[in-house]
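Scroll down for the structure; my scribbles are underneath it.
The values are calculated or read from the model by the stated rules, or taken from the named source; none is laboratory data. This structure is a prediction, so every number in the text was calculated from the model and none was measured. A quick note on method: Cβ atoms are made from the backbone with ideal geometry, for glycine too, and the neighbour counts reach across all protein chains shown.
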Amino acid sequence: MLTLVPVMRVGLALLVQTEHPDEAAQQVNLAVPVRQADGWQLLRYRRIPPNEFQFASEGLEITIHSSAGPAIYPLKKPARIRAIRASGKIFGTLRVPAGKQGEKHFDDYALRLGLVEAGTRTLSFYERTTAPDWVRKLFSLAPKGAGISRVHFFNLGTDATQIGRERDHPTNQIIRERTVAVPGADGRFAFTYRLDRDIQTVAVWISCDGDDTRSDFKVTLEKLELEQAPASE
């Protein structure tokens, strides 16, 4: 079982913006800051080389050298999310055949964008003392008195035939994944994905993996927005 070790903790900041003033009543876009470290928790797995994270003018730059490791952005308060928008670019190649991605020894994705969903499940005393660090960290994201339901990942695949493919992760049933887009031939990606249902979200979880396939590449996440459901609904 993988264990996460925190390597960086910084303060919390949440940027809120609306596209047009007259649309404020209809929707609120939560702009996740990708050019500044405030609010992010950068983590690593034990026994796996960690990714390198850098916040730059172009966005959040994640460098993968046969490595893995997530970045977590807890929201200031839970938000009911109905769509995600992301754009950026992949430099280099993830060495995963399209037909094998997600299978054993090929469970690498250039980008997984995760929404951590609030729920009622909490850890028992026994689980708190025996669970891996990353599980305890996940459940610590829940508001006081609440728990976690699951993590919903929306992935970039390697081939368009994968779009729409979804699964419960074979090694952890708390993780649900769906492939929602693929990068262009130049590595660029830009997509808006509307969820099947609103997700009560407590944190954003970003993961880039190259450890299974010994891949070296870089991901620049230029923009990440969460569309929040109107409070009146």
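Can you say whether Val28 is of a type in the set (Val, Ile, Thr) and modelled with pLDDT under 50, as far as the supplied structure shows?
In short, no.
For residues that are within 15 Å of Cys208 (Cβ to Cβ) and of a type in the set (A, V, I, L, M, F, W, C), scanning just the range 35-54, find the one that is surrounded by the fewest Cβ atoms within 10 Å (Cβ to Cβ).
Ile48
Looking at Lys100, is it touching a residue at least 24 places away in the same chain (Cβ under 8 Å), at negative phi and basic (Lys, Arg)?
Spelling it out, it is not the case that Lys100 is touching a residue at least 24 places away in the same chain (Cβ under 8 Å), at negative phi and basic (Lys, Arg).
For the range 123-131, indicate whether the set of residues that are modelled with pLDDT of 75 or more, surrounded by 16 or more Cβ atoms within 10 Å (Cβ to Cβ) and more than 18 Å from His169 (Cα to Cα) is non-empty.
no
Among (1) in a loop (DSSP other than H, G, I, E, B); (2) surrounded by 21 or more Cβ atoms within 10 Å (Cβ to Cβ); (3) of a type in the set (Phe, Trp, Tyr), where does Tyr73 come up short?
(1)
In this structure, is Phe139 crowded, with 18+ Cβ neighbours inside 10 Å, out of contact with any helix residue (DSSP H, G or I) (no Cβ under 7 Å at 6 or more places or on another chain) and either aromatic (Phe, Trp, Tyr) or not in a loop (DSSP other than H, G, I, E, B) (or both)?
So Phe139 passes the test.
Return only the number of the condition from (1) surrounded by 20 or more Cβ atoms within 10 Å (Cβ to Cβ); (2) at pLDDT below 90 that Asp209 does not satisfy.
Just one mismatch for Asp209, condition (2).
For the range 156-216, give me every one of the strands (runs of 3 or more DSSP E) that falls completely inside it and has 2 or more residues that are closer than 21 Å to Thr122 by Cα and out of contact with any Leu (no Cβ under 6 Å at 6 or more places or on another chain).
Strands (runs of 3 or more DSSP E) meeting the threshold: 175-181, 188-209.
What single numbered condition from (1) in a loop (DSSP other than H, G, I, E, B); (2) basic (Lys, Arg); (3) at pLDDT 85 or above fails to hold for Arg47?
With (1) in a loop (DSSP other than H, G, I, E, B); (2) basic (Lys, Arg); (3) at pLDDT 85 or above applied to Arg47, the lone miss is (3).
Taking Gln36 as the residue in question, decide whether it is touching a strand residue (DSSP E or B) at 6+ places or on another chain (Cβ under 7 Å), modelled with pLDDT of 90 or more and among the polar types (S, T, N, Q).
Spelling it out, Gln36 is indeed touching a strand residue (DSSP E or B) at 6+ places or on another chain (Cβ under 7 Å), modelled with pLDDT of 90 or more and among the polar types (S, T, N, Q).
Of the residues Val182, Val204, only one is touching a helix residue (DSSP H, G or I) at 6+ places or on another chain (Cβ under 6 Å), closer than 20 Å to Glu61 by Cα and either surrounded by 15 or more Cβ atoms within 10 Å (Cβ to Cβ) or without any contact (Cβ under 8 Å) to a residue 12 or more places away in the chain (or both); which?
Residue meeting the stated conditions: Val182.
Name every residue in the range 103-123 that is under 18 Å from His152 (Cβ atoms), over 16 Å from the mean Cα position of the chain (by Cα) and either in contact (Cβ under 8 Å) with a residue 60 or more places away in the chain or in a strand (DSSP E or B) (or both), in order of residue number.
Gly119
Condition check ((1) more than 17 Å from the chain's Cα centre (by Cα); (2) at pLDDT 95 or above; (3) not acidic (Asp, Glu)) across all residues:
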| site | (1), (2), (3) |
| --- | --- |
| Asp133 | yes, no, no |
| Gly147 | yes, no, yes |
| Gly164 | yes, no, yes |
| Ile175 | no, no, yes |
| Thr192 | no, yes, yes |
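Go through (1) within 15 Å of the chain's Cα centre (by Cα); (2) modelled with pLDDT of 95 or more; (3) closer than 21 Å to Tyr193 by Cβ; (4) not small (Gly, Ala, Ser) one by one and return the number of the condition Ile90 breaks.
(1)
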